[in-house]
Each structure stands twice: as C-alpha cells, then as structure tokens.
Amino acid sequence: MSGRMRVGVIGVGHLGQHHARILGAMPEVQLAGVVDAYADRAALIASRCGTEAFVRAEELLGRVDAVTVATPTVAHLEAAAPFLSRGVGVLVEKPIAATLDEADTLLRLAAEGGAVLAAGHTERFNPAVTAAWPLIREPRFVEVHRLGVFPDRSLDIDVIFDLMIHDFDLLLAAVGSEVVSIEAVGVAVLTSRVDIANVRLRFASGCIANLTASRISRDRTRKIRFFQQDAYVSIDCASHETEVYRLQTTDGRPVILGGAIDVQDAEPLRVELEDFVTAVRTRRAPRVTGADGRRALALAERVRAEMQQGR
C-alpha cells in the first residue's frame, strides 16, 4: 500500500473521538470520515479533525482502507461486518463482540475476506506493560486491582466486560496457559449489573491470579503484580511506572534489590492505532489479534457464568 492510508472511525463517543483525534494527526493516515448515529456529534468531531461526517457506517464503504469501531458493543458486528467481508482492515474496541457467536462471525469474515482484524485491548500497549513484558517468566501468582469511580458510560454491561476484560487479555498473554478453574463473586451495588467483582483463576501451569475490579470506588487504581521464582514485577498502568525486585546475595547474605525501571512514556491508544495501521499496510498480524479478543471474551463469559451459578 503506497501513499497515505485512508482510515475511518465508526462511533465517536467517549473513546471513538480519541481514535479520530489520533488518526487525524498521523502523517501516514488520511482520516477519511467519522460515523456516529448522532449526526450532531459526528459533525462536531469531524469539524475538529478536518474530515467528513456520516451517520451510517456503510457510507464509508469504498472510501477507506481500514476502520476502527468504537460503537456500543451490541453494534460491533453490524458495524464491522461489511468492511471485513470486503477485505478492509478493522480494529474493534473491547469487548470484541456482544457474544462468542458474534466474535466467531467476525473472525470468519476476516479470514474469508483476507482482512486484518485487531481487538482494542489498549492496556497491552501501556508503556509500563511494555517495559515489564520481557521480565515476566512463568509467574506463579498474580494480583490485579482495577478500580474506578462511577462512570457515565458502559453501564449496560457488567464490570467484568467493561474493566476486568483488560486483565483477562493481559493474563492470557503473559501466563500462556489455559484457565482450568474459576472462583468468582460479583455484586450489583448501584446498577442492575455487576459493579464490583473478585475472581480467582487457576491456570494449567499452576499459576494463580486474583483479580478485583470495581467501578464504584473513590479512587482510581490500575495495578498488576507478578510474583515468580526469580522476581517480583509491579506494574502501575495508571502512572505508567514499573518496578522490579529480585533476591540477590551480598556478602553471603540474601538481599532484595531493585526498584523502578526505565519506561518510555507514550499514549497507549496512539501506540495501538499505530500498530493497527502498520499491520494493515504491511498485511502482518496486529499485536492483539481478533483471536486474542475472542479468548478474552470467552474467559469473561466463563467468569460471568460462574458468578451466576454462585448466586
């Protein structure tokens, strides 16, 4: 693919407007248009980013080489399908689909159309995670806290699909082993959906992960701690900081040494979109594939089923 790549954004609400902002500033990208069911919002974002506004995704067909989809989850399949079937690359925000059947349809359409399909798990592109990734080897215990204040969005889905699914994706990639057992509890506190959840996962490798996610906390916390035989790796996804500690011997005595490591700061969403654009241009796999998004969704579904069984 030569010249600037034509990219459209479908859904320019809370997150999609940032897709448009970043893509519109990329020198190798032509922001070909933005789509939103609310015409006024589409027009506003289009004027900010210097592009055209549309109210139907189909209006972008023939105008784009790739699109990103940041609509409500229930509309992911409808928005992405026409583009995938025509070989147009698509990045779909997490969760990749409303159901596993819909996720499978997206994967099938991408395969049949020869299209790149990426899942929008932005935390994989967090610079603190990137710095820590080479240091994580066969973790034995992982502790995750993802706590947020009460939002004005995503209240139509459980907190496991809104927040905790980020960590399902990270754990599946980092541990590299299948989940063999799940213990889970979730409570609907302020909405009719689960607002706070705690999950304990056991992997086939023997690793145990304990996760807590909440959208009703007073403070924001996004921390992941990996414990393994030779090191303790602590990741603060909010502050983009990573610390590593190891047990070493000094003068014949065991001493814990370590501290903060260098993190090359960057906006995770920008890095994710750059990876997607490069994947479409070069026809390589994106860092987080559609299959990765499907695996994270499948685990979230298993967790929800376990919660419902325990009620």
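FYI, it's all coordinate maths here, none of it is from the lab. None of the values given here were measured: they were computed from a predicted structure. Neighbour counts are summed over all protein chains in view; Cβ atoms, including those assigned to glycine, are modelled from backbone coordinates with ideal geometry.
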Point to revise | Likely footprinting exposure, Met164, Met26, fewest C-beta neighbours within 10 Å first | key: Met26, Met164
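Which whole-number percentage describes the relative contact order of the chain, with Cα contacts under 8 Å and a sequence gap of 6 or more? Display every interim value, and only then the final one.
Details: 680 pairs, mean separation 55.5, N = 311.
Relative contact order comes out at 18 percent.
Rounded to the nearest 5, what % of DSSP beta bridges with both residues in the chain are antiparallel? Numbers along the way, then the final one.
Numbers: 42 of 69 bridges.
About 60 percent, rounded to the nearest 5.
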Check your understanding: Spin-label point model (7 Å from Cα, Cβ direction): what's the Glu112 to Thr221 distance in nm?
Key -> 4.7
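Taking the convex hull of the alpha carbon atoms in the stretch 246-311, what volume per residue do you get, in Å³?
On the way: hull volume 14.6 nm³, N = 66.
So the per-residue Cα hull volume is 221 Å³.
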Revision key, fill the gap. With the stretch 5-115 reduced to its Cα atoms and the Debye formula applied, log10 I(q)/I(0) at q = 0.14, 0.15, 0.20 1/Å amounts to -0.48, -0.55, -0.97
**Study point:** Net length gained if the chain between Glu267 and Ala238 were fully extended (0.36 nm per residue, minus Cα distance)
**Key:** 9.3 nm
Exercise for review: May I ask you to sort His14, His76 by Cβ crowding, counting other Cβ atoms within 10 Å and putting the fewest first?
Suggested key: His14, His76
Check your understanding: Size of the dipole of the stretch 195-249 about the Cα centre, Lys and Arg at +1 and Asp and Glu at -1 on the beta carbon, nothing else charged, in debye to 20?
Key -> 200
Exercise for review: Only loop residues by DSSP count here, and only those with at most 16 other Cβ atoms within 10 Å; note down the chymotrypsin sites (Phe, Trp or Tyr not before Pro) in the stretch 1-86 that meet that.
Suggested key: Tyr38
Point to revise | Point-to-point label distance, Val55-Ala285, nm (Cα→Cβ direction, 7 Å offset) | key: 4.2
Check your understanding: How would you rank Leu297, Leu147, going from fewest to most other Cβ atoms within 10 Å of each one's own Cβ?
Key -> Leu147, Leu297
Practice item. For the stretch 53-70, just list the computed ³J(HN,Hα) in residue order, Karplus coefficients 6.51, -1.76 and 1.60, θ = phi - 60°, integers in Hz, with x standing in for Gly and Pro. Key: 10, 9, 10, 10, 4, 4, 5, 8, 4, x, 9, 10, 9, 7, 9, 10, 10, 10
Exercise for review: Using only the alpha carbons, work out the radius of gyration and Dmax of the chain in angstrom.
Suggested key: 20.2, 71
Practice item. Report the extension gain between Thr249 and Gln228 in nm, rounded to one decimal, defined as 0.36 nm multiplied by the number of residues separating them, less their alpha carbon distance. Key: 5.8 nm
**Study point:** Alpha-carbon centroid distance for the pair the stretch 154-207 / the stretch 101-133, whole angstrom
**Key:** 18
Practice item. With a length cut of 18 Å (Cα positions projected on each helix's long axis) and a Kyte-Doolittle mean of at least 0.0, go through the chain and give me the DSSP H helices that pass. Key: 100-113, 268-282
**Study point:** Relative packing of 200-210, 166-176, which averages over residues the other C-beta atoms within 10 Å, highest first
**Key:** 166-176, 200-210
Point to revise | Three-way shape label, the stretch 154-311, alpha-carbon gyration tensor, a/c 1.5 | key: oblate
